[in-house]
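Following: one structure in structure tokens, then a few remarks.
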Amino acid sequence: VQKKIIDFSKASSIFKKLKNIRLGLIGNIPDIMISLGTDIFSVKNTWGVTVVPITLPDANSYLSKINKEEIGLRMENIKKTVGKISVSDEVLGESVQYYFALKKLAEELSLDAMTINCFPMSIKGKTCLAVSNLNDLGIMTGCEGDVNSTIVMYIFNLITGESPMNSDLIYEYKNENAIMFSHCGAGPFSCACDLKDIMLEEHYEVKSGMAVYYPVKIGQKVTTIVNLVGNQSTYRMCILNGVSIPTKELEYHGNPIRIKFKTNINELINVIGNEGFGHHWMVSYGNHTDIFKYLCKFAKINCMSIA
């Protein structure tokens, strides 16, 4: 009973805070991901969050505002921090420049969170480090222009004070009744078990730019995994709960984490598909199911929970 009261209180406080949030949408969404399409009025009416549309040229204009000395100092710090860097200083420097540019954009436009359409080939692989490091800075930043997932990331950050992982549902391990979740290489440094696990390498998908790679090695941790999709009357949330399994190797070029479930994963995936949930799943440690359920009640949207 006490936990229910605490979770209700947290959810109520979070829902109030969302009404003051400004979330930058940079470059809209990728053309091939229409399920991520956002009605900014629905977002405002449902969550209270103000979406601020920003063109990619406007975002890129901040690149010229960053001085080389600032870039160089951060590059040296990163070199001392991570385990492996296999890209040139030019590539690393460009990624660091995007970090400072997007940080400056957030400051000048008073943004609490952002999401960037990182699919145009002009920036693909150039913004991964920025997304990773901005999340660790507390500016929740989502990939691929996904406003709904960025809202979930922001909620997770309010609950835990830590950066969640932006992931896709990647691979099934039927013998373990587990699923791998990962994205293509923008995981926050803080989600690595050891900073020396982090590898800054050429982006595997586009064979250019740079991505942040590491396996999530931690096991036996209760996790909450959330997907939020839709607009207005179609808004819906799916909440999954499982336990992490140590991932020793980089089984996928990204930030793979394996999660074991109680529900048979074939049944779980069928439910996800039949209910039309999306491909982005935000992952965080701890069981925060009840908080998200309360938030869905406050927002008056459908919610499904699977363990």
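The values are calculated or read from the model by the stated rules, or taken from the named source; none is laboratory data. Small disclaimer: the values here were computed from a predicted structure and weren't measured. Ideal geometry is used to build each Cβ from the backbone, glycine not excepted, and the neighbour counts take in all protein chains shown. These area figures cover heavy atoms from the full protein model, side chains too; ligands, DNA and RNA do not enter into them. Shrake-Rupley method; radii C 1.70, N 1.55, O 1.52, S 1.80 Å.
With open to solvent by 30 Å² or more (accessible area, probe 1.4 Å), farther than 16 Å from Ser88 by Cα, more than 14 Å from the chain's Cα centre (by Cα) and β-branched (Val, Ile, Thr) as the only criterion, which of Ile170, Ile179 stands out?
Ile170
Take Leu63 and decide whether it is buried (at least 18 other Cβ atoms within 10 Å of the Cβ) and touching a residue at least 12 places away in the same chain (Cβ under 8 Å).
no
Filter region 13-33 for residues that are touching a Ser or Thr at 6+ places or on another chain (Cβ under 8 Å) and within 12 Å of Pro120 (Cβ to Cβ); which is surrounded by the fewest Cβ atoms within 10 Å (Cβ to Cβ)?
Taking the candidates together, the pick is Ile29.
Determine which single condition Met237 fails, assuming it passes every other condition in (1) farther than 30 Å from Asn302 by Cα; (2) of a type outside the set (S, T, N, Q); (3) in contact with a Leu (Cβ under 9 Å, 6 or more places away or on another chain).
Among (1) farther than 30 Å from Asn302 by Cα; (2) of a type outside the set (S, T, N, Q); (3) in contact with a Leu (Cβ under 9 Å, 6 or more places away or on another chain), the lone unmet condition for Met237 is (1).
Sort out which residues of region 42-56 are open to solvent by 30 Å² or more (accessible area, probe 1.4 Å) and either under 17 Å from the mean Cα position of the chain (by Cα) or without any contact (Cβ under 8 Å) to a residue 40 or more places away in the chain (or both), and write them in order of number.
Residues satisfying the conditions are Lys44, Thr50, Pro53, Thr55.
For Asn255, state whether it is out of contact with any Asp or Glu (no Cβ under 6 Å at 6 or more places or on another chain), modelled with pLDDT of 95 or more, among the polar types (S, T, N, Q) and assigned to a loop (DSSP other than H, G, I, E, B).
yes
Those residues that are open to solvent by 10 Å² or more (accessible area, probe 1.4 Å), out of contact with any Phe, Trp or Tyr (no Cβ under 9 Å at 6 or more places or on another chain) and assigned to a loop (DSSP other than H, G, I, E, B), I need them from region 184-215; list them, please.
Within region 184-215, Glu205, Val206, Lys207 meet the criteria.
Quick one: which residue in Lys297, Lys293, Lys262 is in a loop (DSSP other than H, G, I, E, B) and either touching a residue at least 12 places away in the same chain (Cβ under 8 Å) or surrounded by fewer than 21 Cβ atoms within 10 Å (Cβ to Cβ) (or both)?
Lys262
Take Ala211 and decide whether it is modelled with pLDDT of 95 or more, out of contact with any strand residue (DSSP E or B) (no Cβ under 7 Å at 6 or more places or on another chain) and among the small types (Gly, Ala, Ser).
No; evaluated as a whole, the condition is false for this residue.
Of the residues Gly125, Gly145, Gly219, only one is assigned to a loop (DSSP other than H, G, I, E, B), over 22 Å from His279 (Cα atoms) and of a type outside the set (Val, Ile, Thr); which?
Gly219
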